[in-house]
Every structure is written in structure tokens, then in C-alpha cells.
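The values are calculated or read from the model by the stated rules, or taken from the named source; none is laboratory data. Just so it is clear, the structure is predicted and the values come from calculations on it, not from any experiment. Because the Cβ atoms are built from the backbone with ideal geometry, glycine has one as well, and the counts that use them run over all protein chains shown. Only protein heavy atoms, including side chains, enter the accessible area calculation; ligands, DNA and RNA are left aside. Shrake-Rupley method; radii C 1.70, N 1.55, O 1.52, S 1.80 Å.
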Amino acid sequence: MDTKVKSACETCAHFNADGLKKLGISTENVDFVIALAGNPNTGKSTVFNSLTGLRQHTGNWPGKTVTRAEGGFEYNKQKFKLVDLPGTYSLLSTSEDEAAARDFILFGKPDVTVIVADANRLERNLNLVLQILEITDKAVLCLNLMDEAKRNHIMIDERTLARDLGIPVVPTSARFGQGIPELIHTISEIANGNIVCKPHRIKNVPSNIENAVKTLSSEIEKEFPNVPNSRWIAFRLLEGDTRIINALKSGELV
Amino acid sequence: MNYNPTYALVLFFIIAGILYVVFRPTKGWFWIIKNNFRSNEKVVIEDVLKQLYHFESSGNKVDTKTLVQVLNFNNNQIIEVVKKMTINDLIYFEKDVLKLTDAGREYALRIVRIHRLWERYLADKTGFSKEEWHDRAEMMEHKLSHDETNSLAAHLGNPKFDPHGDPIPTITGKVAKVNGVELPLLAVNTVGRITHIEDEPEIIYKQILAENIHMGSLIRVIENNATRIVFLSEGEEFRLAPIVAANLTVAPIEKEVFIEDNIARLSSLKEEETAKIIGISKESRGESRRRLLDLGFVKGANIKIDLTNPLGDPNAYLIKGTSIALRKDQAAKILIKKD
Amino acid sequence: MSNKNIDHILELSNELRWQIGDDFHDNLTEGIYADAAQIVSDTVQVDDSKKRFRLDRQIDKIVTSKTFGFPIMFLILATVLWLTIIGANYPSSLLAQLLLDNIHPALKSFAASISMPWWLDGFLIDGVYLAVAWVIAVMLPPMAIFFPMFTLLEDFGYLPRVAFNLDNLFRKSGAHGKQALTMTMGFGCNAAGIVATRIIDSPRERLIAIITNNFSLCNGRWPTQILIATIFIGAVAPSAFSSLISLLAVIGIAVLGMAFMFGTSWALSKTVLKGQVSTFNLELPPYRPPRFWKTIYTSLIDRTLIVLWRAIVFAAPAGAVIWLISNIYIGNESVAAWTIHSLDGFGFLLGLNGVILLAYIVAIPANEIVIPTILMLTVLVTGIDGGAGAGVMFELDSANATADVLKAGGWTLLTAINLMLFSLLHNPCSTTIYTIYKETKSAKWTAFASIMPVILGFIVTFLVAQIWRIIF
């Protein structure tokens, strides 16, 4: 079924196959910066490779992407730079790789964040997805490893998922290149503002925390009316994140 | 000199032996000499101040004689230092009793602050065992500067209490109050949370550690008499002598808190058994606690053993669709209820 | 913007943090997972009726079982080594023939035709070119076989299982379980293994992993081990078993290296890097069939060529040095001969000789050139026939010819065994030292990681030599 979708879209009016050029590592004068985030072992590096045409090594052990990789592609005459962030389970802790991923999404202000998730373990992956959606509202969920999910008889209602999360959801099997054209198209649509996301915000927070977050975030909004993610900043301040405190002091966030 | 393998070997072992005696960890002569050099005046002054502060806050009076007994320094050195400190207006005598001046108390609080912050740091960010925290903090408290201390505090999120439950003085010298009463004062059936574990004297502290009792655990007293105190915590029953129990401070909880009855530790789960996670014990702190939560070890998650290890440890657990290996000591900190 | 208002926000956040207490992180994470569970229940359906036979789990049951777990691990290690050793022979000799027997003379005659001065010709062609050619001929084929095989295992998902099986040993030696992963990476190249230690969060355990990575026998050292084992150890056994015995000897050294790795980790974690083991958690990812050709291609590009390039960069100056010390004279002795004679006494104590020690000093940049350097220097000092001239590295075509040269240089079984031990226990190559510095950013730890293995090597070879001499 996946192959049908692929061929359908490659010939459809939306996807402009001729407009696609994989740029490898040459990423000068780019129009958009795209961050690639996701849990370890979700095939993130494979997605990165199939988007950029690079052949970054893809070992099958957690944390094998130890250095940040960058690559690019060109679509409809616009250049996209892709930054592969270290695979993490969460953005809430203080370990080096999580801080790197968190800082890039928050301070690097990517135009689109692609979140790669393993379709077989959606619940576990949503932990990270929901956190990223607190930081940025320009995101797309790349539901990878659909081939494995199919073999495991896991059915995902992508439309409901997209509605619940408030962002586009693109099913892919990056190992076989399936779904990548749709992903590229969606990235471009979000970057150009043709798709506007209304991301899900975390709901099941105990009331004492919710109140604290509300108090704090309204204070933050008073001070920085243009900050899009005051709730996330409030979360981080309650956590005592020194990086955020310094960024507030230096005005880096605005 | 004639070469002979036997002589060469003997010579080698003699040299190795000498090196061992001089450099062996902690007890080597080299380290002892180095340590003696370090116990300079500053260290003695700070230790005297800290001791006086502890005596003051526990309401005891102290004269020079007791001070000499508690501190591990050369007697003359202490007497010398006490003289100097009186001149510098850090302490004063009320008859025989030594008292802290305001400046002295402020200085003492700074030392206590570093000590407790460092213990917090060791507990949250490193893997040092509990037995070592105190001694390491004793060394560190003389080393950190004012700015370093404050950035450490910020890094740790300005914590209120150290891992034993002792309050950490703030920059301005405010000290929070520890809630609760000593465990032997609690009536049978009281439910409470452990808010403080006294780490001195060491013998009793080690005994508490050996029992695997920890800060923040909920307990329920089920027996309390002159010979022993029995209570339930995290699915286990503990029996302590009153003298040991007196080192535990417990804050009774007024509201009716439901304590699960058949709580067990994840480490006790057997193959083919399934369970639900109740929570993570307070014993797991800082980074490692966060990591466990991020990996999906949250309240209500289903869990079972996926793979047992050929060497017995660690086992891999199936949680939220993924197989994750945890060492036994960590699994012991995850509380479950077997299905 | 005024800092005052921010201070007010920070103060408020401190206040609120104290109010909500310790459980903030717990509650937040639980909240997120509760959201996730809701979304999943809306959108995901698992067809349990068609529950498949879980192949993953069946493989895992076998590779982590009490009975088969460890034998399978050693079998895989042995197979990879065996294929590397056998497979590398032919292309290695082919490359050697091309680079040394054809191109080298051609270069020489070219130099002669343009009447290049002898010292420049010697320096460039006999020094720099030969060293580089050796590194390529000796290193490229085994790496081109070893790395892809290793990468296939890695892509398949076997490495986390190795870490899982071995973790208890690492725990007992005070190290992190993921050190098993970096250790196996080190079998390919120590520098790569050291970069991989970034997966270890705790700085203390990461440092242990970095310092002990050198005990993983790397690609530059496998050929030395294999050659010496074949010549001296295999020769002791009846000819039917000789290749099996030499393979076992090499695996024995590799396993001994692991033992030293555990021992040193333990000693470090009890002394200078004291502290209890911090947390360990390891995801065992599902197996994924590697895409064979793609993997081979990427591992060739990504690993083999990069590692090879670094080795060449460091080998070229080493070649120059070798040529220089053999051709610069103090009095009537070359610098090389003079150094060898002054090192001989110390070398004898260790059951080695001056030639080997000098070769290891010269070969700090690239361990691959140890054997050719030893041969060249042996010929230089013994004055036997068969060399290619002062400062010209060479390797003899057959193992027998090599053995003849070495025996003429006074080698015994003890020399061979100690050379194998010393090849395991000596300073890391300069690429690795540089990587250690880059990763630790500490000159102190870099120095420690470089010197500690040599001292260990001295002690071990010394003890073996004395005991050997007492017994025999």
C-alpha cells in the first residue's frame, strides 16, 4: 500500500519531483533551517540520509549519532538546511545530548522541526513529540518504520493523530524511501506558511503545577510579549534550568 | 652487576612494595603527609565555627575542652586558633562557654551552606555512595569560593534541603525549618514521610543505610514500644531500636493517604510475571530519576521481564513496547504492584 | 530591556518551585505520558488476533541465554577475526607487490633519471613513500574486511546485546555498561572507540572508558599479532594445528586485553576515579536486517578511508624519521644503531631487545609500521643479508624469510610472546592520543592515558621474562 501512495504522490500535482535536488553537505545561502529530532532508534539517520542524499552511518545502537550532522536539499528553488539532532527520549533532563537538542530547537529557531517517531512505539515516542510541540509550533511528525508496523499489525489513524497533535503527520519507511517526497512537500509547505499548525499542549498536569505554570507564563508574557513558548519557558524555570535563566537575562530568547 | 632473573624479580617486588606503602590509596604515607600539610589555619577556623554552629543549633553549650575532643586536630593548634578567632571577633567567651558572634555565625552558615550543597550535588549528579558524601563535603567546604558556591546552587536549582533532609542556608543566611518529629514519638498507625535522617553518629547512620531506609519515603508505624519500633515502607517491614529510630525525623501526614498494600520492588519481579508501576522510590534522585521517567517508567505503566541476563544482572524489561535493560540496584528503586 | 523585571520573574519562579516541591519533574512526565496514552488510544489499533511469532525475541533468547550467550559472542569474534586474517592475506600481498615491488623501483629509477640527490631520493622515496605504502598494504585490506563486517553486526543490532551480556563484569569493575560498546568499537580503531564514549553520560565513567580503550587490540596491531603468532607460536605446534594455535594465541591476546581493561577500570574506579557506578540503562533495539551493499559502501567511505587517511598522515613523517636515524651518523655508528645498542640492556630485562623498543618509539604515529621497522632495524644491526639498504623498510614475502631474519637477530619464543604482549600494552598511537586530548580537553588525563599502558607493558613483559628465564 505504501508504494501506491508513493507513486501516487510523485505523479500528483502537489509534489514537484523535478524541483527536488539533494544537496549533500553543501549548505550555503539556505532559505530555511530544518531540525530533525526524535527518539534513538527510530531511523532518524536514515530519514536524514534519504532527505539529503548523504550516507551518514546508521548503526543500530542507542546514541550512535554522537556528532551533529548537517546536510541540505533544494525543493522548488528553495534551499533547505537539515540539522540532525542527537536522538533523545526527552528534552527535560540535563544530559549533554538533550541539552544540545533542546537548545537548537529553542535558540536555533529552526523554520520547521521534523520529529521522527517509530510507528511501532508511538506512545513512548509521543513523550518527546509533546515536549517539542510546547517549544515550537512549526513541526511535522514523520511516522517512520511503517513497514515494520505493518508487519506487526499496528494500524495508525494518521488523520486523527494529525488532528490530535495539531501538526501534519507523514507516514514513511525511510529505509525504502517511501513517504519521503510527501515529507519534503510538507516541510516546504510549513516553511512557506501554507500549512499553519495548532500544536497540542500538554493537558494532564496536576492543578498545583498548572497554576504555577500559568502564573509564571503570564508574567513572562507581560515582559516578553513576542515569546511564542512562554509555557515551556515556565516549565524550564520551574526546573531551574540555568541556560534558560541566562538566556532570559541576555535577551537571547526574544 | 651480574644479571640473574631471580634477583631482578626480588628487586622488582621490593620496589613495588615500597611504592605501595608510600602511594596506596588514602593510607599511603604520601597522602598522609599531604593531608597534614593541608590542615592549615583556615581549615581549623572553619571547622571550629561549624562545630560551634551545630552546638548552638542543637542548644548545647561548649567549652574549649569539648571542642578539642570533637575536632580532629592537634590540641595546641586549636587553642591557638581559638585565641586568634576571639581577637578577630568571630567568637567570644561567656565565662567558659564559647559563643559565636554575628560575623562568626554568618561565616559558619556559609561553610554549612557549601557542605550541604555539595552533599546535594554528590547525591544528584554523581554516583558516590552515601557513606562517602559527608567526608567529601568536609573537604569541599574549605575549597569553594563564594561565587562558585552560588553558581553550584543555581546549577542544582537552589535546593532547599540536603540529601539527609538538613536545610541548606540561603545566600542571605536564611535556614528553613525541618518538618516533623522524631520517629519514636509517633503513635501506632500514624502515616508520615521521612523528612530527615541524621548522619551522626556514623555507626547509627550506617545502620540506617544498611536497612535501606531513605529520605522522602512514606511510612506507617505498626508497633511502637520501649524495645522496638516497627513500621512499613515501600512494601517492606522495618524494625529499629528506639535509639536508632530517634535519628529519623518523620512528618506526620494529616490527610488520609492511601498506602498500597502489596507494593513490591521491580527487582523482585520474576519471569512471566506482569506488574504495574506504582512509582519510583525517593531513593532514586536527580539525573537517574529523570532518566527513568523519560524512559517510560511512570505510574500506571505495565511492565514485565523481557530478557534475563546470562550473568544474572541486568535484566531487560519490556515497558511501553521497548526492551530496556536496568541493573538490579536501579530496579530495586522502582515500585510495582504485581498483577 | 531592564534586568529588574527579569529578576522578578526569576524570584517568582524560585518561590513557585519551592511551593510545588520535589515532584515537579515526576508530575510533568506523568502528565505527558497520560496525554500520550490518550492520543494513542484514539489513533492506534493493534490487531492482536494475528499475533506474530516474535523473531526478535527468539533471537534475543538465544544470544543472551546462559548456555549460548557467551559462546556465540566468542564464536562471532573468532569468525570475524578469522575472515579478516584469511581474507586480508591475498589483497595485502597484491598491494605490497604493486606498491613495493613495482612502483617503488619505478620511483627510484625515475629519481635516478632526473638525477635527484641521494639524500632527497632516500628521504622521500625510501622514507616517506615506503612508510605510506606499508601502511596502505598492511592496513587497508584487513580494515576493508573488518569494518564492514563489524558495521553489519552493528546495523543488525547485535552490539547492544553484547553490552547487555557483559554488563555485570563492567558493573563489578566500576565502569559503565555502555563501555562494552566503545570497547568493541576499539577493536576496529581506538580513536573511533574513544569518540564513541560520548554515549556515556557520567564524566567519571566516560574517562574510564577513554583510558582503557587502548586495551582493545586495534586494527593497526592485529597484523603484528597475527604475523608473530604465525611465525613463532604456530611453529611450536604440530603443523596440522599450527594455524589454529596461532589464531587461538591472537584471540588469547585480545581476551587478555579485555581482562586488562576490566582490571584497569576496576583499579581506576577504586583510586583516582573513585565513585560508585552511576545509573545504567540500555535500550535493546529491535533487530533490523542491514541493507548489505549500502552498509558495505558507507563503512568503506565512513570508517575505512577516514582511518586509513589519518594513519597515512601520521605514517609519512615516521617514515622520514626512520630513514633519517638510519642515515645520520654519530662517529661511525648511525643514530639508529647507537640508540638500539643503548636500549638493548633495558630491552633484555623486558625479554625484548633494543630494536623492538626503538621500533615502538618510531612507530608512535602508526602502529602498522612496527613490523617492517623491526625487520629493517634488525638487518641494520645484525648486518645479515636480505635487507634493502639503510633506512629502507621492507617486509619479506614469506613468513619463513621473516622468521630467518628475526632469528638471526637473536629472537626466541620469549621475544615473540613479549612482543605480542607489548604490542597489546603500550602507548596508544598519536592519532588516538590526539583524540583523547580532544575528547577530555585535559593534558593530565591524556598523559595518563598514554603513559599508563606503557608502564603496564614494561611490568608485564618484565615479569614474564624473569619467570620464563627462571623456569627454562
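Anything in the range C:103-156 that is among the hydroxyl-bearing types (S, T, Y) and within 19 Å of the chain's Cα centre (by Cα)? List them, or say none.
C:T151
Filter the range B:194-253 down to residues that are under 25 Å from B:L335 (Cα atoms), in contact with a strand residue (DSSP E or B) (Cβ under 9 Å, 6 or more places away or on another chain) and among the basic types (K, R) and give me whichever is surrounded by the fewest Cβ atoms within 10 Å (Cβ to Cβ). The residue in question is B:R239. Any residue at all in the range C:168-183 that is in contact (Cβ under 8 Å) with a residue 24 or more places away in the chain, more than 20 Å from the chain's Cα centre (by Cα) and either surrounded by 22 or more Cβ atoms within 10 Å (Cβ to Cβ) or away from chain B (no Cβ under 14 Å) (or both)? For the range C:168-183, residues in contact (Cβ under 8 Å) with a residue 24 or more places away in the chain, more than 20 Å from the chain's Cα centre (by Cα) and either surrounded by 22 or more Cβ atoms within 10 Å (Cβ to Cβ) or away from chain B (no Cβ under 14 Å) (or both): present.
Restricting attention to the range C:18-43, the residues that are open to solvent by 30 Å² or more (accessible area, probe 1.4 Å) and in a helix (DSSP H, G or I) add up to 9. When you look at C:I199, is it without any contact (Cβ under 8 Å) to a residue 24 or more places away in the chain and within 13 Å of chain A (Cβ to nearest Cβ), yes or no? Answer is yes for this residue.
Scanning the range C:19-30 for residues being within 46 Å of the chain's Cα centre (by Cα), farther than 16 Å from B:G286 by Cβ and at the interface with chain A (Cβ under 7 Å from one of its Cβ atoms) gives a total of 1.
Can you work out which of the residues in the range B:153-179 that are touching a His at 6+ places or on another chain (Cβ under 7 Å) and surrounded by 18 or more Cβ atoms within 10 Å (Cβ to Cβ) is farthest from A:S95 (Cα to Cα)?
Filtering the range B:153-179 down to residues touching a His at 6+ places or on another chain (Cβ under 7 Å) leaves B:164-166, B:178.
Those still in the list that are surrounded by 18 or more Cβ atoms within 10 Å (Cβ to Cβ) too: B:164-166.
Details: B:H164: 25, B:G165: 26, B:D166: 27 Å.
Per the criteria, the residue is B:D166.
Count of the range B:26-80 residues, restricted to those that are in contact with an Asp or Glu (Cβ under 7 Å, 6 or more places away or on another chain) and of a type in the set (S, T, N, Q), is 0. Does at least one position in the range A:54-64 carry a residue that is more than 14 Å from chain B (Cβ to nearest Cβ), modelled with pLDDT of 85 or more and either in a strand (DSSP E or B) or over 22 Å from A:L106 (Cα atoms) (or both)? The answer is no; no qualifying residue exists. Of the helices (runs of 4 or more DSSP H) lying entirely inside the range B:10-78, those containing at least 1 residues that are open to solvent by less than 50 Å² (accessible area, probe 1.4 Å) span B:41-57, B:64-70.
Select, from C:I251, C:I245, C:I226, the only residue that is of a type in the set (V, I, T) and within 30 Å of C:K61 (Cβ to Cβ). It would help to see each step written out before you state the result.
Values: C:I245 fails: within 30 Å of C:K61 (Cβ to Cβ); C:I226 fails: within 30 Å of C:K61 (Cβ to Cβ).
It is C:I251.
For C:A390, are the conditions met, namely being closer than 23 Å to C:G234 by Cα and at pLDDT below 80? So that I can check it myself, show each step before the final result.
On the way: closer than 23 Å to C:G234 by Cα: no; at pLDDT below 80: yes.
For C:A390, the condition - closer than 23 Å to C:G234 by Cα and at pLDDT below 80 - is not met.
Selection of helices (runs of 4 or more DSSP H) fully inside the range C:137-246 by the criterion of at least 1 residues being at pLDDT below 85 returns C:179-188, C:190-196, C:203-212, C:222-228.
Quick one: in the range B:101-143, of everything that is of a type in the set (S, T, Y) and farther than 30 Å from B:D329 by Cα, which residue is least open to solvent (accessible area, probe 1.4 Å)?
B:T101
Scanning the range A:117-131 for residues that are crowded, with 24+ Cβ neighbours inside 10 Å and either modelled with pLDDT of 95 or more or within 20 Å of A:W232 (Cβ to Cβ) (or both) yields A:A117, A:N125, A:L126, A:N127, A:L128, A:V129, A:Q131.
So that you can scan it fast, the table gives a plain yes or no per residue for (1) crowded, with 23+ Cβ neighbours inside 10 Å; (2) under 18 Å from the mean Cα position of the chain (by Cα):
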| residue | (1), (2) |
| --- | --- |
| A:A174 | yes, yes |
| A:K203 | no, no |
| A:S207 | no, no |
| A:V213 | yes, no |
| A:S217 | no, no |
| A:E223 | no, no |
| A:N226 | no, no |
| A:R231 | no, no |
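Annotation: A:L106 fulfils all but one of (1) within 12 Å of chain C (Cβ to nearest Cβ); (2) not in a loop (DSSP other than H, G, I, E, B); the unmet one is (1). Considering C:F68, C:F110, the condition of being within 14 Å of chain B (Cβ to nearest Cβ), hydrophobic (A, V, I, L, M, F, W, C) and surrounded by fewer than 17 Cβ atoms within 10 Å (Cβ to Cβ) is satisfied by C:F68 alone. Selection of the range C:227-253 for residues being closer than 18 Å to C:L425 by Cβ, of a type in the set (G, A, S) and surrounded by 21 or more Cβ atoms within 10 Å (Cβ to Cβ) yields C:A229, C:A249.
For the range C:340-380, residues that are open to solvent by less than 50 Å² (accessible area, probe 1.4 Å), among the aliphatic types (A, V, I, L, M) and part of a helix (DSSP H, G or I) total 16.
When C:Q97, C:Q58 are checked against the criterion of being over 25 Å from the mean Cα position of the chain (by Cα), more than 10 Å from chain A (Cβ to nearest Cβ), of a type outside the set (K, R) and surrounded by fewer than 12 Cβ atoms within 10 Å (Cβ to Cβ), C:Q58 stands alone in meeting it.
Identify all residues within the range A:146-163 that are open to solvent by less than 40 Å² (accessible area, probe 1.4 Å) and either within 16 Å of the chain's Cα centre (by Cα) or among the acidic types (D, E) (or both); write none if there are none.
A:D147, A:E148, A:L161, A:A162
Using the structure shown, decide if B:E272 is open to solvent by 30 Å² or more (accessible area, probe 1.4 Å) and under 21 Å from C:K61 (Cβ atoms). When the stated conditions are applied, B:E272 passes them.
For C:G331, the conditions (1) within 14 Å of chain B (Cβ to nearest Cβ); (2) at positive phi are fulfilled apart from (1). The residue pairs whose first member lies in the range B:99-111 and is assigned to a helix (DSSP H, G or I), whose second member is open to solvent by less than 70 Å² (accessible area, probe 1.4 Å) and of a type in the set (K, R), and whose beta carbons are closer than 6 Å, counting only pairs six or more residues apart or on different chains, are B:A108/B:K50; B:I111/B:K50.
Condition first: away from chain B (no Cβ under 14 Å), free of Cβ contacts under 8 Å to residues at least 40 places away in the same chain, outside any helix (DSSP H, G or I) and surrounded by fewer than 18 Cβ atoms within 10 Å (Cβ to Cβ). Can you find one or more residues in the range C:269-289 that meet it? No, the conditions are met nowhere in the range C:269-289.
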